[in-house]
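Reviewing the structure listed below.
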Amino acid sequence: MIPTISTIPLFQLASGDVHALQVYKFVGATSGKKVYIQSNLHGAEIVGNAVIYQIIDLFMTLDDINLVGEVWLVPVCNPLAINQRTHNFSTGRFNVYDGQDWNRIFWDYANHNNDIEEFAHSQIGFDINTIRYNFLQKIRRCINTG
């Protein structure tokens, strides 16, 4: 199976080079679910690129009747970080302006609240959309109050 390869331009550098995403789309003969796999969110993490290229090689040996649905593969989802990697490739993982590690700046609900069991009990009988809404509201309140 030959993929459809799309190029999505992102921005142009002062040098004139254009940073873009390449999307490899494998579409099966039968419609179904879509799978999206990307790699290289951080410039330092280049192993995923090799894995995606191995997946591309594997899918190219298949016929479209062997695939139900679609598989979209993006080997480099952050081309700017790839170009920033220096000092053992680590800067693609860090914000170059403030030095924060992008893998370590996520808000942790468990460290800010210990009432998850109480919340779960209060949601019994509600439909999934209501529970989701209530939980997101609870998280927003927690974030806004520090």
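Miscellaneous remarks
- Leu41 satisfies every condition listed in (1) assigned to a loop (DSSP other than H, G, I, E, B); (2) at pLDDT 95 or above; (3) assigned by TED's automatic domain parsing to the domain that holds Asp17; (4) of a type outside the set (Val, Ile, Thr) except (2).
- Cβ pairs under 6 Å, 6+ apart, first in region 28-55 and at negative phi, second part of a loop (DSSP other than H, G, I, E, B) and charged (D, E, K, R): Gly43/Arg85; Ala44/Arg85
- Within region 1-29, the set of residues being in contact with a strand residue (DSSP E or B) (Cβ under 6 Å, 6 or more places away or on another chain) and loosely packed, with under 11 Cβ neighbours inside 10 Å comprises Thr7, Ile8, Pro9, Phe11.
- Where Ile2 falls short, out of the listed (1) in contact with a helix residue (DSSP H, G or I) (Cβ under 9 Å, 6 or more places away or on another chain); (2) farther than 29 Å from Gly99 by Cα: (1)
- Pairing residues of region 56-70 that are without any contact (Cβ under 8 Å) to a residue 40 or more places away in the chain with residues that are outside any helix (DSSP H, G or I), at Cβ distances under 6 Å and at least 6 apart in sequence or on separate chains, gives Ile65/Ala29.
The values are calculated or read from the model by the stated rules, or taken from the named source; none is laboratory data. Please read these numbers as outputs of a predicted model, since none were measured by experiment. Glycine also receives a Cβ, built like all others from the backbone with ideal geometry; neighbour counts cover every protein chain displayed.
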